[in-house]
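The values are calculated or read from the model by the stated rules, or taken from the named source; none is laboratory data. Since we're looking at a predicted model, the values are computed, not measured. Positions of Cβ are backbone-derived with ideal geometry, glycine not excepted, and every protein chain shown enters the neighbour counts.
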């Protein structure tokens, strides 16, 4: 019996000796977890600058057609604090919406180092002047590079862009009844409107009674074209009741002239 007690004591002492290192390791792990928890808690609560510890290294640009990825990259480079936990998202959103094509943006961080940028772009309607684009809502954009597209060329003062886009929609809808497409529309410094159709025909509408003149154009254009086999160069509707027409061979006719312009 005495021998068995001795073996039991040895076994107990052996287990106690093995348990001490385990307790030390467990304590070390617990301390480490507490330290990590404190660090992460500091990031959220105290906004510790972690740019050098957890920096945003990747940007995923999503749902874009015209937005320049280089422009997005430059915006993000201008943000001093690009830490995964500390970067101010509202600041980034404000700067991104200042880019020409971006109407609104949604940002999402993906651990450990990625920022997803999902954009809603302005919908283009026409080219604006020589260097811009106007959206369907009348917003004028000046991108660094103009896209190549078959858009109408619209010109006028920036402050009247919204009004001109509405007029363009209205006139184009009317002209489609005769399968005519507006290629260019211009508002001059005097406020006069002129159109150029895709077949090269210029339509001079002036600055008063434009809607009534469009209706007159629609009423008489077929009969005007039938007068000659040559191509029409322009029709001038800046008359009280009629219009003047000129063909490519420089012959001019006045149809249903009702007085001065």
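Miscellaneous remarks
- Whichever residue in the range 140-153 is out of contact with any strand residue (DSSP E or B) (no Cβ under 6 Å at 6 or more places or on another chain) and touching a residue at least 24 places away in the same chain (Cβ under 8 Å) and, among such residues, is farthest from residue 90 (Cα to Cα): 149
- Checking every residue in the range 102-111 against the condition of being in the same structural domain as residue 68 (by TED's automatic domain parsing) and farther than 19 Å from residue 56 by Cβ gives at least one match.
- Residues located in the range 175-193, provided they are closer than 25 Å to residue 159 by Cβ and surrounded by fewer than 18 Cβ atoms within 10 Å (Cβ to Cβ): 183, 184, 186, 188, 189, 190, 191, 192
- Of the set (1) closer than 24 Å to residue 63 by Cα; (2) not in a loop (DSSP other than H, G, I, E, B), all apply to residue 145 but (2).
- Index of the failed condition, residue 82 passing every other in (1) at pLDDT 90 or above; (2) touching a strand residue (DSSP E or B) at 6+ places or on another chain (Cβ under 8 Å); (3) at negative phi: (1)
- The requirement of being out of contact with any strand residue (DSSP E or B) (no Cβ under 9 Å at 6 or more places or on another chain) and surrounded by 12 or more Cβ atoms within 10 Å (Cβ to Cβ) is satisfied by residue 218.
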